[in-house]
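What follows is a short report on a single structure.
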Amino acid sequence: MASTHPIVPLLFIATLGWNATAIAATAEHSAPAAKLQPVADQNSGSLSGGTADHTKFEALKGPFQTGADVTKACLTCHNKAGEQVMKSVHWTWDYRNPRTGQLLGKKNVINNFCTNARGNEGMCAQCHAGYGWTDATFDFTDQARIDCLVCHDRTATYYRLPNSRGSAICGVLFENLAPIDFAHVAQNVGLPGRENCGTCHFNGGGGDGVKHGDLDSSLTRPSKALDVHMAVAGPNFACTQCHVSRHHQIAGSRYDMVAHDETGLGKPGARRDVATCESCHGTTPHPKLSLIGWQLNHHAERVACQTCHIPRIARGGVATVTDWDWSTAGRLIDGKGYAEEKYVQADGTPRHTYWSIKGNFKWDENFVPTYQWFDGRMVYTTADTKIDAKQSPVPINVVKGDPGDPNSRIWPFKQVRTKVPWDPVNKTLVFNHLWGDDDTAFWGNFDLVKSVSAGMKLENRPFSGTLGFLDTVSNWPITHMVAPKGDAVGCGECHKPKGRLAAITGVYLPGRDGFGWLDTLGIIALSLTLAGIAAHAAIRLALRFKIIWRPEWRPK
Amino acid sequence: MEAEMSQASAVPPPGIPQPRRSVMIYTRYERFWHWSQAALIFILAVSGFAVHGSFTLMDFRTAVLIHSSAAVALIVLWIFTTFWHFTTTAWRHYLPDVRGLPAVIRFYVWGILVGAPHPYSKTLKRKQNALQSLAYLSFMVIIGPALWASGIIYLAYPLWGQWATGILGLPTVVFVHTAAADLMMIFVIIHIYMTTTGKTFTHYVKTMITGYDTIELTPAEAAYLEEEEVSRLAKS
């Protein structure tokens with residue numbers, strides 16, 4: 001499947017899942033992921049079922065010129081929605097973790113995919129729930145800038161474009177798209193379906209399934225085997241069935257997780273604060289009257305539900321990136337960027353293994369997670385962190401947890417190893433200016449020193465001018481793609497030597513652990529016993545059958 | 001030798017051979033206990049060492065299920081058997097009697113090799129020789145209790161595990177359980193070998209299956225059996 005393409009027509013196809021169809025016509029490129037089509041009758045939990053027909057509202061008759069016009073119409077009835085959305089991380093991209101004190105959110109963090117949204121808002125803020133964020137001047141208090149439709153469109157005809165023009169090599173991508181019929185979309189709003197959330201969350205990291213490994217387009221219409229809750233032929237859960245919300249504040253953010261929910265069900269209908277398994281299944285979900293069930297309920301105190309019930313990562317036919325190398329980015333053929341697609345995922349779609357704008361990728365699917373003790377806290381390596389390069393790979397986020405802490409449980413993670421650009425003199429991660437129609441943007445000039453200089457200057461941060469590449473690892477908790485109970489990880493996959501939990505310390509794991517010398521002593525004792533018996537029996541037989549015999553031995 | 005024999009068995013007096021009769025010395029319950037216990041111990045050993053990860057004969061879940069069920073069955077059996085021992089006074093057979101010990105040990109080290117007679121004769125009141133009593137006593141009061149006590153604590157880990165996070169609690173319990181299991185294994189292997197040391201290689205096993213062995217009876221014992229428990233005397 002190896003192929004080489006000129007870069008221009010295929011840039012961002014993966015990123016812009018929704019307009020990929022339009023691009024494909026000009027791309028001469030293997031079929032990209034199509035716009036996610038709505039799935040009917042998704043179960044959104046207690047909010048399911050409406051009391052209003054939006055086609056009947058005068059305010060929604062239009063005509064509307066822009067999305068912001070629709071938002072203003074929405075707010076005439078939903079007059080509290082604006083201030084609610086403005087408090088959500090979907091709007092602020094800014095989050096102060098109350099337990100670690102760290103300032104997180106897409107506005108602040110540097111990860112080991114496309115590294116930083118900051119300075120690249122023109123592109124990245126397509127997934128911001130607002131219109132027009134291109135730089136630091138964006139007005140976060142203007143309710144008309146909220147994008148209601150990206151979450152609430154149920155027609156699949158609404159799409160977003162980059163907020164600013166990128167380099168000339170990217171601009172052509174967004175031409176010839178069908179105009180949006182805003183009135184039609186506005187009259188057909190509803191509770192968010194999987195395809196709404198998936199527009200951004202399935203494409204984290206720059207393409208379908210790239211970042212998470214447990215979130216990709218296969219969850220739009222999953223089978224029961226892939227996801228027992230979201231299965232179209234099963235409960236058909238929308239994301240919001242578990243990611244409950246109150247006042248547009250949605251539970252279950254990765255930035256501050258509940259690793260061990262000891263409250264469980266709570267009072268009927270009361271809990272709106274967590275997206276944990278226990279909030280529906282309780283804290284003792286296995287049969288209490290069976291021996292194995294009893295033991296498993298106890299396991300749940302130390303082992304996250306996900307550890308057994310999500311047996312493998314990326315089982316839906318869509319692969320996920322496990323390794324990324326920025327140091328090879330910028331290679332050109334005849335002065336132009338190019339891409340190679342040497343990996344074909346299970347659903348038949350080829351994936352980039354090299355792309356001039358991003359470097360080399362390695363992919364994997366249907367693979368066993370990495371397991372770590374986790375108490376819900378992640379400590380991030382941020383732009384402020386002085387990096388100890390002796391530690392290799394440098395963790396982009398440190399998973400906190402301790403076997404001696406009852407709040408910690410063993411959780412599954414997807415790990416991504418990336419060589420990211422960094423400043424080896426100042427010993428910091430760097431902001432990279434990837435997107436822009438200026439000559440400093442990497443996606444255009446293919447000059448990392450120039451683009452990083454621009455990115456750091458934009459942030460008023462020092463850059464030594466020396467660019468290195470740092471081996472990093474990031475940890476992504478796995479919590480989606482819950483398999484049917486029959487497919488859960490078997491006891492013996494961990495309770496054996498060199499099993500799934502071989503690297504987990506601080507617990508005695510029957511079947512995995514022993515006492516070394518006691519087991520050796522047992523084997524020695526057994527061997528001596530058998531040898532003694534054999535010797536005794538041999539002498540007995542030899543004397544009895546007079547093979548060796550002296551008459552004076554005869555008993556009197 | 002004669003002196004030693006009389007010292008070991010005490011009854012009958014030396015020089016007066018008593019009539020030998022085939023008598024049921026292992027009652028139906030004793031045989032049921034012995035063989036069901038033997039089967040359970042074998043099942044527990046195989047499943048237990050599978051749980052321990054010593055070999056991969058069965059998957060962990062199956063091993064845990066079999067091991068736990070067999071353990072519960074064995075505990076129930078032991079409760080019944082303890083009750084039986086005290087109600088029938090059979091427990092007296094296990095009282096340690098060190099007087100005969102040297103002769104028995106000497107027999108197994110040398111006498112048995114050259115075809116000397118066993119220094120001990122079973123009697124109705126005392127079915128086991130001194131070494132047997134000592135071995136079975138240690139089996140019943142040391143190895144057995146160490147196994148079932150640590151096993152019950154191990155099995156009940158869900159009830160106390162939350163107060164013993166980390167590596168302190170469970171490893172200690174598992175250590176005791178595994179060490180006792182090692183001792184049990186060695187006991188059973190020697191025990192099985194010893195069954196071949198009777199008059200014939202299979203004599204003791206046959207006795208444990210049929211319950212009958214030929215022993216000397218005092219006139220009083222013979223009279224008692226004729227009168228009260230005639231079913232224990234084999235028709236001759």
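The values are calculated or read from the model by the stated rules, or taken from the named source; none is laboratory data. Note that the coordinates shown come from a computational prediction; the quantities given were computed from them, not determined experimentally. Virtual Cβ from ideal backbone geometry, glycine too; neighbours counted across all protein chains shown. Note: accessible area is taken over every heavy atom of the protein model, side chains too, but ligands, DNA and RNA are not part of it. Shrake-Rupley method; radii C 1.70, N 1.55, O 1.52, S 1.80 Å.
Of all residues in the stretch A:351-391, how many are open to solvent by 20 Å² or more (accessible area, probe 1.4 Å), free of Cβ contacts under 8 Å to residues at least 40 places away in the same chain and in contact with a helix residue (DSSP H, G or I) (Cβ under 9 Å, 6 or more places away or on another chain)?
Result for the stretch A:351-391: 1.
Quick one: in the stretch A:502-513, of everything that is buried (at least 16 other Cβ atoms within 10 Å of the Cβ) and among the β-branched types (Val, Ile, Thr), which residue is nearest to residue B:173 (Cα to Cα)?
This residue is A:507.
Could you pull out the residue among B:192, B:186 that is under 17 Å from the mean Cα position of the chain (by Cα), farther than 30 Å from residue A:405 by Cβ, open to solvent by 60 Å² or more (accessible area, probe 1.4 Å) and of a type in the set (A, V, I, L, M)? Break it down into steps so the answer makes sense when it comes.
Values: B:186 fails: open to solvent by 60 Å² or more (accessible area, probe 1.4 Å).
Testing whether each residue is under 17 Å from the mean Cα position of the chain (by Cα), farther than 30 Å from residue A:405 by Cβ, open to solvent by 60 Å² or more (accessible area, probe 1.4 Å) and of a type in the set (A, V, I, L, M) leaves just B:192.
Checking the conditions here, which among A:160, A:194, A:165, A:145 is surrounded by fewer than 20 Cβ atoms within 10 Å (Cβ to Cβ) and basic (Lys, Arg)?
A:165
Given the criterion within 14 Å of another protein chain (Cβ to nearest Cβ), of a type in the set (Lys, Arg) and open to solvent by 50 Å² or more (accessible area, probe 1.4 Å), identify the matching residue among B:206, B:199.
Details: B:206 fails: within 14 Å of another protein chain (Cβ to nearest Cβ).
Only one candidate passes the filter, namely B:199.
Tally time: how many residues in the stretch A:542-556 are more than 8 Å from chain B (Cβ to nearest Cβ) and open to solvent by 70 Å² or more (accessible area, probe 1.4 Å)? I'd like the intermediate steps shown before the answer.
Kept after step one, since they are more than 8 Å from chain B (Cβ to nearest Cβ), are these residues of the stretch A:542-556: A:542, A:545-552.
From what is left, the residues that are open to solvent by 70 Å² or more (accessible area, probe 1.4 Å) are A:545-548, A:550-552.
Of the residues in that region, 7 qualify.
Of everything in the stretch B:68-77 that's farther than 21 Å from residue A:491 by Cα and open to solvent by less than 40 Å² (accessible area, probe 1.4 Å), which residue is nearest to the other protein chains (Cβ to nearest Cβ)?
The qualifying residue nearest to the other protein chains (Cβ to nearest Cβ) is B:74.
Would you tally the residues in the stretch B:52-67 being surrounded by fewer than 20 Cβ atoms within 10 Å (Cβ to Cβ), at the interface with another protein chain (Cβ under 8 Å from one of its Cβ atoms) and part of a helix (DSSP H, G or I)?
To start, the set of residues in the stretch B:52-67 that are surrounded by fewer than 20 Cβ atoms within 10 Å (Cβ to Cβ) comprises B:54-59, B:61-62, B:65-66.
Next cut, at the interface with another protein chain (Cβ under 8 Å from one of its Cβ atoms) only: B:54, B:56, B:59, B:61, B:65.
Of the ones still in play, those that are also part of a helix (DSSP H, G or I) are B:61, B:65.
The number of residues fulfilling the criteria is 2.
Can you find a residue in the stretch A:514-534 that is polar (S, T, N, Q), open to solvent by 30 Å² or more (accessible area, probe 1.4 Å) and either more than 7 Å from chain B (Cβ to nearest Cβ) or part of a helix (DSSP H, G or I) (or both)? If you could, list the steps in order and put the result at the bottom.
Filtering the stretch A:514-534 for residues polar (S, T, N, Q) gives A:520, A:527, A:529.
With the extra rule that they be open to solvent by 30 Å² or more (accessible area, probe 1.4 Å), the set shrinks to A:520, A:527.
Narrowing the set further to residues that are either more than 7 Å from chain B (Cβ to nearest Cβ) or part of a helix (DSSP H, G or I) (or both) leaves A:520, A:527.
Within the stretch A:514-534, one or more residues are polar (S, T, N, Q), open to solvent by 30 Å² or more (accessible area, probe 1.4 Å) and either more than 7 Å from chain B (Cβ to nearest Cβ) or part of a helix (DSSP H, G or I) (or both).
If I filter the stretch A:493-510 for residues that are touching a strand residue (DSSP E or B) at 6+ places or on another chain (Cβ under 9 Å), within 10 Å of chain B (Cβ to nearest Cβ) and on the phi > 0 side of the Ramachandran plot, do I get at least one hit?
yes
Is there a residue being touching a residue at least 12 places away in the same chain (Cβ under 8 Å), outside any helix (DSSP H, G or I) and among the hydroxyl-bearing types (Ser, Thr, Tyr) anywhere in the stretch A:502-509?
Kept after step one, since they are touching a residue at least 12 places away in the same chain (Cβ under 8 Å), are these residues of the stretch A:502-509: A:503-507, A:509.
Among the residues that remain, those that are also outside any helix (DSSP H, G or I) are: A:503-507, A:509.
Still in the running and among the hydroxyl-bearing types (Ser, Thr, Tyr): A:505.
Yes, the stretch A:502-509 contains at least one residue that is touching a residue at least 12 places away in the same chain (Cβ under 8 Å), outside any helix (DSSP H, G or I) and among the hydroxyl-bearing types (Ser, Thr, Tyr).
Considering each residue of the stretch B:113-145, count those that are within 14 Å of another protein chain (Cβ to nearest Cβ) and open to solvent by 30 Å² or more (accessible area, probe 1.4 Å), and give that number. Even if it seems obvious, please write down each step before you answer.
Taking the stretch B:113-145 first, the residues within 14 Å of another protein chain (Cβ to nearest Cβ) are B:113-119, B:135, B:143.
Next, only the ones that are open to solvent by 30 Å² or more (accessible area, probe 1.4 Å) stay: B:115, B:117-118, B:135.
Counting residues in the stretch B:113-145 that are within 14 Å of another protein chain (Cβ to nearest Cβ) and open to solvent by 30 Å² or more (accessible area, probe 1.4 Å) gives 4.
Read through the list (1) in contact (Cβ under 8 Å) with a residue 40 or more places away in the chain; (2) within 14 Å of chain B (Cβ to nearest Cβ); (3) open to solvent by 10 Å² or more (accessible area, probe 1.4 Å), then give the number of the only condition that residue A:405 fails.
(1)
What's the number of the only condition in (1) open to solvent by 20 Å² or more (accessible area, probe 1.4 Å); (2) under 28 Å from the mean Cα position of the chain (by Cα); (3) over 29 Å from residue A:437 (Cα atoms) that residue A:77 fails to meet?
Here residue A:77 clears every test but (2).
Would you point out the residue of the stretch A:465-477, among those that are open to solvent by less than 50 Å² (accessible area, probe 1.4 Å) and part of a loop (DSSP other than H, G, I, E, B), that is farthest from residue B:49 (Cα to Cα)? Break it down into steps so the answer makes sense when it comes.
Of all residues in the stretch A:465-477, those open to solvent by less than 50 Å² (accessible area, probe 1.4 Å) come to A:465, A:467-468, A:470-477.
Still in the list and also part of a loop (DSSP other than H, G, I, E, B): A:465, A:467.
Working: A:465: 62, A:467: 57 Å.
Once the filter is applied, the top-ranked residue is A:465.
Restricted to the stretch B:82-112, and to residues that are surrounded by 17 or more Cβ atoms within 10 Å (Cβ to Cβ) and of a type in the set (Val, Ile, Thr), which residue is farthest from the other protein chains (Cβ to nearest Cβ)?
B:104
Of everything in the stretch A:478-490, what is touching a residue at least 40 places away in the same chain (Cβ under 8 Å) and either open to solvent by 10 Å² or more (accessible area, probe 1.4 Å) or among the polar types (S, T, N, Q) (or both)? Give them in sequence order.
Going residue by residue through the stretch A:478-490, those that are touching a residue at least 40 places away in the same chain (Cβ under 8 Å) are A:478-485, A:487-489.
Within the stretch A:478-490, A:479, A:480, A:482, A:484, A:485, A:487, A:488, A:489 qualify.
I'd like the full set of residues that are of a type in the set (Phe, Trp, Tyr), at pLDDT below 90 and farther than 24 Å from residue B:35 by Cβ, limited to the stretch B:49-106.
B:55
Yes/no matrix, rows are residues, columns are (1) among the aliphatic types (A, V, I, L, M); (2) closer than 28 Å to residue A:252 by Cβ; (3) more than 14 Å from every other protein chain (Cβ to nearest Cβ):
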position	(1), (2), (3)
A:448	yes, no, yes
A:453	no, no, yes
A:457	no, no, yes
A:467	yes, no, yes
A:472	no, yes, yes
A:482	yes, yes, yes
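For the stretch B:85-98, which positions are in contact with a helix residue (DSSP H, G or I) (Cβ under 6 Å, 6 or more places away or on another chain) and either part of a helix (DSSP H, G or I) or of a type outside the set (Asp, Glu) (or both)?
Pass one, the stretch B:85-98, residues in contact with a helix residue (DSSP H, G or I) (Cβ under 6 Å, 6 or more places away or on another chain): B:85, B:91, B:94, B:96-97.
Listed by number, the residues that qualify are B:85, B:91, B:94, B:96.
For the stretch A:408-422, how many residues meet the condition of being in contact with a Pro (Cβ under 9 Å, 6 or more places away or on another chain), open to solvent by less than 10 Å² (accessible area, probe 1.4 Å) and closer than 19 Å to residue A:324 by Cβ?
3
Can you pull out every residue in the stretch A:80-98 that is open to solvent by 50 Å² or more (accessible area, probe 1.4 Å) and either in contact (Cβ under 8 Å) with a residue 60 or more places away in the chain or not in a loop (DSSP other than H, G, I, E, B) (or both)?
Going residue by residue through the stretch A:80-98, those that are open to solvent by 50 Å² or more (accessible area, probe 1.4 Å) are A:80, A:83, A:87, A:89-90, A:94-96, A:98.
Within the stretch A:80-98, A:80, A:83, A:87, A:89, A:90, A:95, A:96, A:98 qualify.
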